[in-house]
Amino acid sequence: MKFRNIITAVLIFITSSLLYAQQYRPASGGPGSWRLLGTVQAKHTADHDVIIVAGPYDFFRKLKFKVTNAPLNMQRMIVRYDDGGAPENIDLRFVIPQGGESRLIDLKGGRRKIKAVDFWYDTKGFLNGRANLTLFGMK
């Protein structure tokens with residue numbers, strides 16, 4: 001009976017260790033490093049999407065987008081911060097080609113904890129497919 005309890009305890013420990021190791025934890029990186037904040041697939045039927053940044057929120061100074069699979073015409077974005085302060089409205093008005101990146105977007109007030117980013121776009125035709133939009137933040 002004692003041996004059975006020991007084996008059960010060891011199996012529970014190993015299983016819980018494996019489950020904990022499977023959890024996604026983004027690398028924090030140091031100042032000046034880029035971190036993946038989220039990805040969405042731009043739809044032809046929509047012109048607005050949101051990337052919600054998973055907490056705990058980190059400080060960022062700059063943002064940039066990377067687009068794959070199809071070009072995307074970015075119109076504007078709204079950056080929402082964790083501190084509950086006023087959101088930052090940013091007019092973009094540029095086309096990101098397939099496989100391209102946006103310009104670097106400086107955030108007002110220096111380093112800010114980002115909670116979510118709303119963005120508006122136009123897709124560039126049905127024949128090009130759906131663009132995948134990936135958002136990165138610089139610490």
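The values are calculated or read from the model by the stated rules, or taken from the named source; none is laboratory data. Predicted model, so just to flag it, every value in this text is computed and none were measured. Glycine gets a Cβ as well: all are built from the backbone with ideal geometry, and neighbour counts include every protein chain shown. When the accessible area is computed, the model is the full protein with side chains, heavy atoms only, and any ligands, DNA or RNA have been set aside. Shrake-Rupley method; radii C 1.70, N 1.55, O 1.52, S 1.80 Å.
The table below gives the values:
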read-out	value
Partners for Lys62 among lysines (Cα-Cα distance below 28 Å; same-chain residues under 8 apart left out)	Lys43, Lys108, Lys113, Lys115, Lys124, Lys139
For the stretch 60-75, 3J(HN,Hα) per residue [Karplus equation, 6.51 cos²θ - 1.76 cosθ + 1.60, θ = phi - 60°, Hz, x = Gly/Pro]	9, 10, 9, 10, 7, 10, 10, 10, 10, 6, 6, x, 9, 9, 7, 9
Solvent-accessible area, 1.4 Å probe, carbon plus sulfur percent, for the stretch 48-139	49 percent
Interchain or long-range residues, amide H under 5 Å from Gly38's placed H	Leu135
Charge sum, other residues only, whose C-beta stays under 14 Å from Ser102's C-beta, Lys/Arg counted +1 and Asp/Glu -1	+3
